[in-house]
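Notes follow once the structure below has been shown.
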Amino acid sequence: SVHDFFHNKAGKHAVEQLREVGVDPKMEKPADDGTEKIFAGQSVVVTGSLQHFDRKSIEDLIMKLGGKASGSVSKKTAFLVAGADAGSKLAKAKELGVAILTEEEFMTKVKASEGTK
């Protein structure tokens, strides 16, 4: 249906209108930075206070390594990184049988992947 839209009269007109207002509707593939995507397709939740990361930096790292940084634990969560004072998210992960890593275990996993390049 996407192909059909961009190849019919209405779709071509919509693209032309976008171009007239300065929007170039092209999608560029992000450059491959050479980082192994060890968390590709995985949803990772972070909870509690961390010693080596602030929340944004660990979530950015998870995304750089191909994962999705999620705010809530579900059956689809690959694992939870639990820092000090982890609360309800830790309890939910235990209830659902989600793997739980300490910050140190998470860092070990990331460093191990760097050695396999």
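The values are calculated or read from the model by the stated rules, or taken from the named source; none is laboratory data. The structure presented is a predicted model; accordingly, all values stated were derived computationally and were not measured. Cβ: placed from backbone, ideal geometry, glycine included. Neighbour counts: every protein chain shown. Note: areas computed on protein heavy atoms with side chains; ligands, DNA, RNA excluded. Shrake-Rupley method; radii C 1.70, N 1.55, O 1.52, S 1.80 Å.
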key: Matching option when the condition is open to solvent by 70 Å² or more (accessible area, probe 1.4 Å) and not small (Gly, Ala, Ser), among 36, 59   = 36
request  = Specify the residue that is farthest from residue 59 (Cα to Cα); the eligible residues are those in segment 82-97 that are surrounded by 14 or more Cβ atoms within 10 Å (Cβ to Cβ) and without any contact (Cβ under 8 Å) to a residue 40 or more places away in the chain.
outcome  = 92
inquiry  = Just to be sure I understand, how many residues within segment 62-81 are assigned to a strand (DSSP E or B), open to solvent by 20 Å² or more (accessible area, probe 1.4 Å) and closer than 14 Å to residue 100 by Cα?
reply    = 1
request  = Pairs only if they're at least six apart or on different chains, beta carbon under 6 angstrom, first in segment 10-34 and at pLDDT 80 or above, second surrounded by 10 or more Cβ atoms within 10 Å (Cβ to Cβ) and part of a helix (DSSP H, G or I); list them, first residue then second.
outcome  = 11/5
